[in-house]
Each structure stands twice: as structure tokens, then as C-alpha cells.
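Below is one structure, written out as C-alpha cells, with a few remarks after it.
The values are calculated or read from the model by the stated rules, or taken from the named source; none is laboratory data. Just so it is clear, the structure is predicted and the values come from calculations on it, not from any experiment. Cβ placement follows ideal geometry from the backbone for every residue including glycine, while neighbour counts extend to all protein chains displayed.
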Amino acid sequence: MTPHLDLRVLQSFLVLAEELSFTQAARRLHMTQPPLSLQIKQLEAQLQTQLFERTKRSVRLTAAGQVLRTEVEKLFESEHRARQMVTRAGRGEDVGHIAIGFTPVATLELVPALLRRFSAQVPGILYSLKETSSDAQMAALLRNEIDIGFLRPPVVDSRLDARCLLTEPQVLAVPAAHPLATRARVHVKHLHGEMLATYERRTGRYAHDLMMTWLTQNDVVPARLHDVVQHHAMMALVSAGIGIALVPASTASQPVNGVVFRRLSGPAAPRIEMWVACRKDFSNPMTRLFADAALAYARSWKVALPH
């Protein structure tokens, strides 16, 4: 029988992985360096793989060490959550937990509103929140790492139950000093020859393709495209005056220094969808409750457009 990994040794490993210094890690662990070195050597022997590359001047994780760090962080998150749930159960309180994935844009309005409403419905519920891409959410759902995801389409895996939660128009984010900022509405033709910021297709295929298809249909050719992965990075490019960007209208509710939001005129830009997804064979009873609460909220949701 394979011996279990010692949680105390894994804690030492995690601290060393964070500090990348035996001296600093030993100080955090309130121990001397030799016992820490021995713990790591014994862990590597038990796993039969090297976890750290050591030189006289540096310590860094190997590929195997990176994998172990990720898994140990998940383990301690689960251990912490288990302690909380057991303590609450011991006090006679109802115990509930849900792990939620969401895209960065969903954090601006959708997720906070849903958390407020659901916490009122299920007081004391514990949350694990993971901001990540739509593709990463689908993978996390299939690995049972999250219970529910708020993501962009398409969701085609037959093991997932996915529904359109809401749709919203898109608006133009423009540097405050840009000539287009003086217009109340911007026609699609005015985007011709402009520098545009767009989501990198590898991670934001849905939004990228929506925008590029719309521009092509209207014979609009950008001067240059700047690729980003996160919404915050896109706003940084706009704020810096480097480009303009097509964004969901709900993002206009969050002021960004040096950025103004303008409605589009002419052929309407395609509306952008947000979906909610979970496993068809979910085991957490909170999953269906949260999904139903999200769908109920979406039915009354209205986005405020820029003036």
C-alpha cells in the first residue's frame, strides 16, 4: 500500500515553493534549514521525482514541482473548507458550498449581483470563486473543480448542461482624447483605419470572431489589432490611447480613467451572450439552486447604455 503524503511536509513544500529560498521558508515555518531540507528530500524520494532545482544561488520548481504545487494548493483549499463546514455543522448551522467559475467581464456586474441575491436566499453559504476563460471553465467543470460556470458560447460537450443566460449590446470604448470621443454615437464606418484592441482568438474566440465578422460585413479594415487576454488589459490599452475596443455594454458601468463609452450607430453590432453551464450529473445540491437563481435574475436584468 502506498503511504499517504504527510500534510505537514506538504505545507513545508508549499511554503518553499512560494519563497524559493530555504532560509526564508524555514523562517516562515519556525524551523531551522536542515530539517526543512530533509523533509523535501524525503518527499522527493517518496514521489520518486525531483521537485526543486537547486544551485548555490537559486531554488526553482521543476515541472513536476509546479504540478505538485497546483494540486497541494487545491488540497489545502479543500481542507480549509472542510474545517469551516464541519465547525458550522457542529454548531447546528446549515452547511452549503458552491464553486463558481466566471469570465473577467462577469465580475463587473453579474457575479456580484448573483452573490448578493443567493446569499440572501441561502445565508452562510461558502463560495469558491475562480476567474478564468470560458475554455478553462469547461475543462474545470468536467474535472469537477467547479460546480457552475458563467462563460461565453459555444458549449458543445454533451456532458454539460448549458443555457443562454442573457444577451447584451456592445458599445465602443474610446480614449477620452480621441476624436471619436466627441461623438454621442459612432458609426461602424468610423472604425475603418483605427487601431483596435480585441481578445486574443486563442482564449477569446467567441468575442473576437463576433467583432471581426461584423467589421468584415461592413467593409471595415482596422489599421492594426492589439491582442489581449483579459478585459482589464483591453481597458489599459484604451486608457493609454493606443486603441479603441468593442466591449459589452455592462462594462460601461465601471468607470475607467481616460476612457469614455459610446453607443454604436448604423448596422448594429451583434449582441454578445453569456451562458450558464454545469455538469448534467452534478452532485452538489447547490448547483441547481444557484443556476435557477441566475436564470431568474437574468429575466429581470437590464443593462444601462451610455448616454
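The residue of region 43-72 that is farthest from the chain's Cα centre (by Cα), among those that are over 14 Å from residue 12 (Cβ atoms) and in a loop (DSSP other than H, G, I, E, B), is 56. Within region 82-105, can you find the residues that are exposed (fewer than 15 other Cβ atoms within 10 Å of the Cβ) and at pLDDT 65 or above? Result: 82, 83, 84, 86, 87. Region 214-307 holds strands (runs of 3 or more DSSP E) entirely within its bounds, and those carrying 1 or more residues that are under 30 Å from residue 145 (Cα atoms) map to 224-228, 244-248, 272-279.
Residues that are exposed (fewer than 15 other Cβ atoms within 10 Å of the Cβ) and charged (D, E, K, R) were ranked within region 204-255; the one that is farthest from the chain's Cα centre (by Cα) is 219.
If you go through region 275-285 and keep only what is among the hydrophobic types (A, V, I, L, M, F, W, C) and modelled with pLDDT under 95, you end up with just 282.
Pairs are defined by a Cβ separation below 6 Å, a sequence spacing of at least 6 or placement on different chains, a first member in region 194-217 that is without any contact (Cβ under 8 Å) to a residue 40 or more places away in the chain, and a second member that is buried (at least 21 other Cβ atoms within 10 Å of the Cβ) and not in a strand (DSSP E or B); the pairs so defined are 199/207. Per the conditions (1) in contact (Cβ under 8 Å) with a residue 12 or more places away in the chain; (2) exposed (fewer than 15 other Cβ atoms within 10 Å of the Cβ); (3) closer than 25 Å to residue 71 by Cα, the sole criterion not satisfied by residue 113 is (3). For region 135-159, a residue qualifies if it is within 18 Å of residue 280 (Cβ to Cβ), crowded, with 17+ Cβ neighbours inside 10 Å and not aromatic (Phe, Trp, Tyr), and the qualifying residues are 137, 138, 140, 141, 146, 147, 148, 149, 151, 155.
Taken over region 1-25, the criterion of being in a helix (DSSP H, G or I) and among the hydrophobic types (A, V, I, L, M, F, W, C) is satisfied by 7, 9, 10, 13, 14, 15, 16, 17, 22, 25. A single member of 38, 75 is farther than 30 Å from residue 252 by Cα, in contact (Cβ under 8 Å) with a residue 40 or more places away in the chain and not in a loop (DSSP other than H, G, I, E, B), and it is 75.
Within region 125-139, can one find any residue that is modelled with pLDDT under 90 and within 30 Å of residue 78 (Cβ to Cβ)?
Checked against the condition, which is being modelled with pLDDT under 90 and within 30 Å of residue 78 (Cβ to Cβ), region 125-139 yields at least one hit.
Those residues that are more than 22 Å from residue 267 (Cβ to Cβ), more than 25 Å from the chain's Cα centre (by Cα) and crowded, with 19+ Cβ neighbours inside 10 Å, I need them from region 162-191; list them, please. Once the filter is applied, which keeps residues that are more than 22 Å from residue 267 (Cβ to Cβ), more than 25 Å from the chain's Cα centre (by Cα) and crowded, with 19+ Cβ neighbours inside 10 Å, region 162-191 yields only 175.
Restricting region 256-283 to residues that are of a type in the set (S, T, N, Q) and outside the structural domain of residue 157 (by TED's automatic domain parsing) leaves a set whose member that is nearest to the chain's Cα centre (by Cα) is 257. Restricted to strands (runs of 3 or more DSSP E) entirely inside region 147-201, those with at least 3 residues that are touching a Phe, Trp or Tyr at 6+ places or on another chain (Cβ under 8 Å) are 148-151, 160-168, 170-175.
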